[in-house]
Amino acid sequence: MALMITVMLAIIATGLFFLRDDLRPAKEADLEITALGDEARRSGIEERLSHLAFDCTTDETADARGVQSGERACFAPVTRVGALEADYLALFYDTQRRLMAVNVILDPAAHEANRAHLEEALGAADQEQRHQGRAWLVWHLEEGLLMTPRRPPEDEAPTLMWFRNAELMERLLPQQ
């Protein structure tokens, strides 16, 4: 009997782990990534996004994502980020609780529409940069820079990333 209960609890826990995004449904994020600034503070952004269910790293889990001690990365499923169709949102904060990066996992089916929105809002990309064999479009904003792949990758969803500065981009840009 005890073995049966243990097995059932293990099955339930496994099911909850794999269904966690279904149990906390994705919602729209009121965040215009093309207008983020250097002084965007975590508390202000968290207020606007308080309806989202974020999971955040701790110092013990931070290293796997390029986040250093005292910094945090928070993740939530979304349907949109501002005007962009998206699947996931990640916010990265420094030790002073300032926003240092944003990573939006875009809906692969909407890559062209999302890119058209970026070009409408920001104009043509300032440059094309290669990183680990991929071509990235880069916009240098008044405060920060924005990157997205020229073409959606075949093996994963496209991303849109905002970095407060180039040094943070070098450190936090996903490595393959």
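We did not get these values from a lab; they are worked out from the coordinates using the rules stated. Everything numeric in this text was worked out from a predicted model, so none of it was measured. As a convention, Cβ positions derive from the backbone with ideal geometry for all residues, glycine included, and neighbour counts pool all protein chains shown.
Quick check on packing: order 86-93, 135-142 by the mean number of other C-beta atoms within 10 Å, highest mean leading.
On the way: 86-93: 22.5, 135-142: 15.6.
Highest to lowest by the protection proxy: 86-93, 135-142.
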Could you order peptides 147-153, 119-125 by the average number of other Cβ atoms within 10 Å of their residues, highest first? 147-153, 119-125
Treating the beta-carbon of each Lys and Arg as +1 and of each Asp and Glu as -1, no other charges, what is the dipole magnitude of the range 118-175 about its Cα centre, to the nearest 20 debye? 180
Amide H proximity to Leu31 below 5 Å, modelled H, separation 5+ or other chain, gives Gly82
Around Leu89, which amide H atoms from residues at least 5 apart in sequence, or from another chain, sit under 5 Å from its own amide H, with H modelled in the peptide plane? Ala76, Val78, Ile105
Solvent-free Debye scattering, log10 I(q)/I(0), computed from the Cα coordinates of the range 68-112 at q = 0.31 Å⁻¹: -1.03
For Thr159, enumerate residues with amide H under 5 Å from its amide H, sequence gap 5+ or separate chain, H modeled in the peptide plane. Leu106
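With only alpha-carbon atoms in the gyration tensor, what are the semi-axes of the equivalent ellipsoid for the range 92-176, in Å, largest first?
Details: eigenvalues 82, 46, 32 Å².
Values for the range 92-176, descending: 20, 15, 13 Å.
When ranked by the protection proxy of mean other Cβ atoms within 10 Å per residue, highest first, what sequence do the peptides 128-134, 51-57 form? Present the calculation step by step, with values, prior to reporting the outcome.
Working: 128-134: 11.1, 51-57: 15.4.
The densest-packed peptide leads the list: 51-57, 128-134.
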